[in-house]
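Below is one structure; the comments refer to it alone.
The values are calculated or read from the model by the stated rules, or taken from the named source; none is laboratory data. Keep in mind the model is a prediction, meaning the values are calculated, not measured. Methodologically, a virtual Cβ is constructed for each residue, glycine included, from the backbone with ideal geometry; neighbour enumeration extends over all protein chains shown.
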Amino acid sequence: MPGEGARRERERRRARERSARHASGRWEILFETTDPAEMRAHRARERDRLKRYREDDLRLDVLCGRLEQDTWYRLSVFVPDP
């Protein structure tokens, strides 16, 4: 398809940049809950504050507990080493 090679190369370049940027640092938890509605409400409430972070520096994890434990929702931000 036209443009597919350019898109793939752009995605590869972004992945290389992201891995280089995230090579040294840590992920800090901003918010954690077991209630998906509470997570959505938090993200809506904090939308303006979250805009100050780069999109690549935010991570939303869904930790599935299956049947034995609750599912956890965790919003984290990447903090580079100084």
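Screening Arg21 with (1) surrounded by 12 or more Cβ atoms within 10 Å (Cβ to Cβ); (2) charged (D, E, K, R); (3) modelled with pLDDT of 90 or more; (4) within 15 Å of the chain's Cα centre (by Cα) gives one miss only, at (3). Scanning the stretch 50-73 for residues that are more than 24 Å from Arg14 (Cα to Cα) and either outside any loop (DSSP other than H, G, I, E, B) or of a type outside the set (Val, Ile, Thr) (or both) yields a count of 10.
Does Arg26 meet the test of being within 17 Å of the chain's Cα centre (by Cα), of a type outside the set (A, V, I, L, M, F, W, C) and either outside any loop (DSSP other than H, G, I, E, B) or loosely packed, with under 10 Cβ neighbours inside 10 Å (or both)? So Arg26 fits the description; yes.
Of all residues in the stretch 11-32, none are aliphatic (A, V, I, L, M), touching a residue at least 12 places away in the same chain (Cβ under 8 Å) and touching a Gly at 6+ places or on another chain (Cβ under 9 Å).
Picking from residues in the stretch 29-38 that are farther than 28 Å from Arg14 by Cα and not charged (D, E, K, R), the one that is surrounded by the most Cβ atoms within 10 Å (Cβ to Cβ) is Thr33. Checked against (1) in a loop (DSSP other than H, G, I, E, B); (2) more than 13 Å from the chain's Cα centre (by Cα); (3) surrounded by 10 or more Cβ atoms within 10 Å (Cβ to Cβ), His42 passes all but condition (1).
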